[in-house]
Structures are given as C-alpha cells and as structure tokens.
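Quick notes on the structure that follows.
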Amino acid sequence: MRQMRLAGSSVSGLGLTACLGLLALGLAAPAAAQTDGDERPLPAPVPIADDALAAALETGELTEAEYVLERARSLFQLGKVRREYGYVVRPDGRDATLILRDLALRADDLAGAERTAARGILARPDDPDPPPGQDPKVPIGDGWTAPEAIASPSCGGNVCVHWVDEVENDDAPPPEDVDPANGIPDWVDLTLVTWEDVWLGEIDTIGYRAPRTDLDSANNGGNMLLDVYLDDVGSSGVFGYCTSDDPSVGDPNVYAVSAYCVIDNDFAPEQYGDEHTPQEFLEVTSAHEFHHASQFAYDWLEDYWFMEGTATNIEETVYPAIDDNVNFLELWSPLTRPASPLDRGGFGNSEYGAWIFWRFLQEKIAGEPGIVREIWERADASVPNVSPDNYSLQAVSKELSQRGLAFRNVFAKFATANRRGDYEDAQTAGYPVPPRAAGFSLGPRNPVLRWRTWKINHLAARYLTFSPGRSASATARLRIEVRLPKHGTRATVLVVKTNGSVVVRRLFQNPKGYAHWKAPFGRGAVKRVEVVLTNGSTRVAACWVYQVAPTFSCFGRPLDDGRGFRLRAQLAR
C-alpha cells in the first residue's frame, strides 16, 4: 500500500511520539504456535499502533481473527470501531494490502455475523448481495453503490478494468470520453493502458511471475485476466490495494494465490494534493499494487520489508521520472535512521523506506533490476516442499553468495553509498543524507580521541566524522583503530578531500576484529575523514515464532543486536 498525501503533507496513522512510545513498550502480538511438520505459522498481524484494539488483543478480549476484523473495519468505518472499543488509531492507508491479507487468512476462524462482516470487507466492489434467505453483504468496505457500467469491463491482453458510470456516484470515474471517443470514459482507457504498460515493464521486461489466474474464484470478473476495480478509495485515505478471494486462501499449506486490485477512480487533487498529476499518481500506484499481485504468485505471506520495499522500488523502476517514492526516504529509512535495522517492519512505516536497499542492489551490485526478481524466485513458496521458500533476508544472502559476494561486504557498501548519495538520481530527486552519530575535530591541542564504544543493531550503521582542527598540519595523518564484534561487521573509511574527490577504503580486521589504518588528514587538502561502522549480521533465531512489534526477517529474533563497536583515533606523523 502507498501513502495518502494531502497538499504535499503526509497523513500518518501513527505520530512520531506514539511510535517511539511503542518501541519503548516493545508491544507484542501473540506468538504463533509451533506446528508439526513443515507447515509455517501465519505471520503476525501487521503492527499498527498501541491503541484500544492492540490492548484488547493483548488481554484476550479479542482473538487474533477478531482483532484483524476490527482493524480492517477501521480502514472504512473508524467511527463505529471507536464507539465500540474507545481510542483506535486510524490505519495508514498504505497498510490496507497487508491488513486485508491478515483478514483473508483468518476469516474462516470467525463465525456468524463476524464472518459475514469479514466477507463483506473482502468482497469485490461489484460482488452482489447473496440470494434471499442468506445474510446480505455487509455495507462496509469499498462496495459499489451502483451497478457496473454496461460497457464494463474494458479488457486488454492481460488486464480488465471495471467501473460504474452513474455520473452522480462517488465511485464513478470522470465521464469525459474524448480521446478516443469509444463509449468508454477516457480515465478507464488511461487506466487500462497504464496497467498493461506496467505488465509489460514488470512481467515481460524484467521477468517477474505473472499474477495467478482467478478463474476459480466465485467472482472472477468474467474471465481469467487480472481484474482492476475503480473506486473512490481516496475518501478512506488510500491510493489502492490488492487482495485475494482465491478459494485456497484458508489452506495453511498454500502460500501463492490469485489477486484482484482496487485503485482510486480519479486521483482527484482535492484528495491527493497536487505534488503530482492524477496520471502520475495512477502510474506509480499501478506499478506498486501490480507488484503485490505478482508477489502473491510467489509467496503472499512474506516479510513486510520485502513485500513493501520491493513494491516501492518498482515504482522507480517502471516510472523513474516521477520520484514519488523519495517521500518514503524522508520518513523512516536507512537514510534518515541508519541505526534502525534495514529489515524492520511495522510502526513508523520503515518497510517502505527499505526500498533504497533494493535500488542499491539493482543499480550498484547487478546493474539491472533482475537481481530483485531472482531474490523473489528464491523466496518462491508456490509449490510446497519443492519451491526454495527462502525467507526475505535468507533469499538475499543466498543470491549474493551465488554471485560470489558476502552479504556483510555488500551491506557495508550499501551504507557507504547512502552516506555519499551515490545513486543515479540522488541529487536531482533530493535524497536525504544519513546523519552522523558523532563528529570530532582533531589538532595539536586535542590530538587523541580515546577509545569510545557505539552499540549497533543488526543491519544498521553508524557514521563518525573527523575534521582537521584549525592548527592541524598540512601533512597530518589520522590513525584510526577499531575493534569490531563478530558476525557480519565491517569498518569503512572515506577521505573527503577539499577538491571534492573521495577515497574509499574498507578496513580489513584480523580474526579478533582489530583493524587500523592511517588516513590522509592534512588541513587544506582534506575536508574530513568519515568512518562507516556496519553490522551486517543476518543471524536470526526462532523464525515464525518470535513475533513482536516491530518485526524483522521471518518474524525471528535477531542474534546480534546491540553489539559494541570500539574506536579510537589520533594524529600521526
């Protein structure tokens, strides 16, 4: 899911203060029980906030299935949920895909009116009410309030677009039919062309797996093509989403399912702001949500940072000129919060800011976007006991190893590229610069920085800077010594010269983690020396069981958080 923006401002369901409070509390979701055999427990519900619903789940007032139902209801009927439970945070619209996934996975655990409510939320906009004598479709969610247009759907070779045409209906697209004048609204034509272009870019060009056919769904849109519904989801703070009504959704051994998608019917500026045109919003939203439909054909139960990070990255891949995803770098990302683990998911929307890692892999490691597809192929769980079914971080590590690369070295290069802004459009798109953890000025009067320790979590980094003091010699050198913990750690030194050039040197540590180097530090020639400390550990324990918020790869427990990195520096001749 993507973020709703109004007049260029972010609308977030969780403020920074609340987010920090949640991290301090270590809010936990019930751990999935261990299972016999190879069956994988369901992923924990996507973390939203420490609110009344979270409290009801923790105390047992709500079962996990009831909790995800109420969380999904709050997407569309927040007022009703608040009247029943008290203060409930408005979910960020970008989380709708995962919120609805959580509900689809657990709908069969509900009964009576609650199951009916869940089916109503998960229903396609055009799903009719059931026959007389059965419970009617619950009037919540995004159901149309008008019949489908006579000319609907409009289909291409891979995608069908569905819409209503009552001019006064909020769900109807703009009625203009000028170019071409074919009896179909121009916005519908544009939507179909956009989704077919996205299919061409992601499936035909990069080689991602096509979404699974929905022919077995009770409502399959009339054929086996991917169905896209136009709806006024902007009124709920949403750009679009994909979910599944595949009949196999409730099967615990099925991880790959079909999809259908819903996107806004006009991307009107009064709902989305004017940072981009309605067409640009349509394009990047289509690229993002279509990628989710493709992901569902591999494993729709994958980790948050993997699913949302790669979907956000694909926006830039298919539509590089729009740069809407740069907004996520300003929120919670390796560029704004380098001390936060890369694979962190939930609370603060860090899974979206993680897209820059996938950009780094395809731009700096492989030189083409196929590397991310190959990682998804390693995560493929579509054929039980046959597909590789690696979890996100495992799939990355194995793909890099296949290419003769060690993850810890790649992660160190990633952190270094972030600090340098070493991306094709970093300057033109305005990428933020990662903050330094500390800065020091050394000269004849203060020539030594004694041993200092910085604690760094897994898949995180710290940046230290050293500047020549006013009385520093023009021929000075800086001796840097580090003692690094085991498992995935690296130290990289950047010598930033006054002429703008940069020398990059990765320090090689001995078996005990000790490394040292003398860097040029002459005043007038060197502007600063930077040390990049990285914890590239990929070790986790208790996959699929240790489910706390925020979550990490495979919902596991990282083994190398809070490791102490020691460093000292002094002027040398």
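Read the figures in this text as sums done on the coordinates, not as results from a lab. Since this is a predicted model, take the numbers as computed values, not measurements. Methodologically, a virtual Cβ is constructed for each residue, glycine included, from the backbone with ideal geometry; neighbour enumeration extends over all protein chains shown.
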Study note, to complete from the structure: Between A218 and E275, the FRET efficiency computed from the C-beta separation at R0 = 51 Å comes out, to the nearest 0.05, as 0.85
Review point. In percent, what relative contact order does the range 438-572 have, based on Cα pairs under 8 Å that are 6 or more apart in sequence?
Key: 38
Check your understanding: Tilt of helix 16-25 relative to the longest C-alpha principal axis of the chain, in degrees (0 to 90, nearest 10)?
Key -> 80
Revision key, fill the gap. The residues I480, I184, sorted from fewest to most surrounding Cβ atoms within 10 Å, come out as I184, I480
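Exceeding 22 Å between C-alpha atoms, which entries from my cross-link table qualify? They are K413/K518; K455/K486; K455/K527; K364/K512.
K455/K527; K364/K512
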Exercise for review: State to the nearest 20 debye the size of the charge dipole of the range 170-324 about its Cα centre, where the only charges are +1 on K and R beta carbons and -1 on D and E beta carbons.
Suggested key: 660
Exercise for review: Taking semi-axes √(5λ) of the Cα gyration tensor in Å as the quantity of interest, determine which of (1) 46, 26, 21; (2) 42, 29, 19; (3) 56, 36, 26 was computed from the displayed structure.
Suggested key: (1)
Check your understanding: Among P341, L533, L215, which residue has its Cα positioned farthest towards the positive end of the charge dipole of the chain, with +1 placed on the Cβ of Lys and Arg, -1 on the Cβ of Asp and Glu, and the dipole taken about the Cα centre?
Key -> L533
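Under 8 Å for C-alpha pairs, at least 6 residues apart: give me the relative contact order for the chain, rounded to a whole percent.
It rounds to 13 percent for the chain.
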Exercise for review: Pairs of Cα atoms under 8 Å, at least six residues apart: use those to get the relative contact order of the range 320-458, whole percent.
Suggested key: 26
Point to revise | Principal-axis tilt of helix 96-106 within the chain, Cα atoms, nearest 10 degrees | key: 70
Study note, to complete from the structure: If one compares the long axis through the Cα atoms of helix 278-295 with the longest principal axis of the Cα atoms of the chain, the angle in degrees, nearest 10, works out at 90
Review point. Using the beta-carbon distance between E58 and T453 and R0 = 35 Å, what value does 1/(1 + (r/R0)^6) give for FRET efficiency, to the nearest 0.05?
Key: 0.50
Review point. Over the Cα atoms of the range 487-554, how large are the radius of gyration and the largest Cα-Cα distance (Dmax), in Å?
Key: 18.0, 56
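For the chain, what is the mean residue ellipticity at 222 nm derived from helices alone (per DSSP H run of n ≥ 4: -39500 (n - 2.57); sum divided by total residues; nearest 500 deg cm²/dmol)? Can you show the working numbers first?
Details: 17 runs with 165 residues, N = 573.
-8500 deg cm²/dmol, from helical runs alone.
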